[in-house]
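First up is the structure itself, then whatever we jot down about it.
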Amino acid sequence: MDQRVNSILNQILSGNLVETKDELQSILYSKANMFIEGKKKKNLYGELDPVGKEDDDIDNDGDVDSSDKYLKKRRKAIGKSMKKEAYESAHGNMDPKSHVKRDPKTGMYCVYDNNGKKVKEFENKSDAEMYAVKNHSSLMKSENMMLAPKGKGKDAAKKLYAGYKY
């Protein structure tokens, strides 16, 4: 390397700038190629953490600092947002008040869960809607699994759950 540096300095002093430029470009390209080849084999900051043995150094720069705290907080927010989007896409943006219907037989306002099962009855609509809004997440839980009495089979399960929508 010292010979190349001496060669470049001599070329500059002698006024031979075109050859100096070419020499510097060849050094730059060879260093860039060495860096790229090294990066293909190994991460810039070293190896990644083994699966199941992650540590608090999220960006793998060798220390735990504010950038790691930021990344951790950001990933948590993204995960929460993804869960919310998945829930909304599965259940739609359902209005909690849509769980309330008037029972023509009793004249009461009934709150129904996601499966159509009557959960509670109210005399006035506003109380029923308030209940539906407060308990919307529990009303949206889906229970599609039919459990038969032990050892009785599929027909017993159908009779047991005849009033349910599934």
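What follows draws every value from the coordinates through simple rules; no lab data is involved. As the structure is a computational prediction, the values presented were derived from the model and not from experiment.
Points worth noting:
- Here the stretch 7-30 and the stretch 48-70 have alpha carbon centers that stand 42 Å from each other.
- Gyration tensor verdict on the stretch 63-129 (Cα atoms; rounded if a/c is under 1.5, prolate if a/b is larger than b/c, oblate otherwise): prolate
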